[in-house]
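The values are calculated or read from the model by the stated rules, or taken from the named source; none is laboratory data. For clarity, every value in this text was computed on a predicted model and none was experimentally measured. We place every Cβ from the backbone using ideal geometry, glycine too, and count neighbours over all the protein chains shown.
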Amino acid sequence: MYKHILIPTDGTALSKKAIDHGLALAKVVNARVTTVTVSRPYSTLVIEPDTITETPEDYKQRIASNAAKHLAVARDAARVSGVKCDEVHVVHEHVYQGIVDTAKDRGCDLIVMASHGRRTSALLVASETANVLTNCALPVLVHR
């Protein structure tokens, strides 16, 4: 069945549930897992309030720190469940494309992801997941 599962995470409670579900599935089918978190590159177009006063180097340090925290949650859960897990931090302008590219580059055969992440607007909430579904030839299991 599945041999290599990609699990994107953004640090939300819902992505933690997707991590747990993906790891449980990986354990049952004896698959390995790669977890990925995608950050947007530094931009002078302000999207996040913190970037108003940040230098590009400060921004890189902040996203690296956040990525490490998000990936540590997945790493710890994988260790507890006994599933082999690699971690990837990707910087990409489009989060969905970073996920799709990682799945392709790593040879994954399934993506297990949350139905939505950081954003709370219904219009934006489904955009990353919907974009992955639209732009990826792999099976995608959406966890709610």
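Just one residue in the set V80, V28, V91 is at negative phi and in contact (Cβ under 8 Å) with a residue 40 or more places away in the chain; that residue is V91. For region 59-105, what are the residues that are over 17 Å from I5 (Cβ atoms), aliphatic (A, V, I, L, M) and surrounded by fewer than 16 Cβ atoms within 10 Å (Cβ to Cβ)? The answer is A64, A68, A72, V91. Could you please let me know if K17 is outside any strand (DSSP E or B), out of contact with any helix residue (DSSP H, G or I) (no Cβ under 7 Å at 6 or more places or on another chain), in contact (Cβ under 8 Å) with a residue 12 or more places away in the chain and surrounded by fewer than 17 Cβ atoms within 10 Å (Cβ to Cβ)? It is true that K17 is outside any strand (DSSP E or B), out of contact with any helix residue (DSSP H, G or I) (no Cβ under 7 Å at 6 or more places or on another chain), in contact (Cβ under 8 Å) with a residue 12 or more places away in the chain and surrounded by fewer than 17 Cβ atoms within 10 Å (Cβ to Cβ).
Considering S121, S127, S115, the condition of being out of contact with any Gly (no Cβ under 7 Å at 6 or more places or on another chain), closer than 13 Å to I7 by Cα, small (G, A, S) and at pLDDT below 95 is satisfied by S115 alone.
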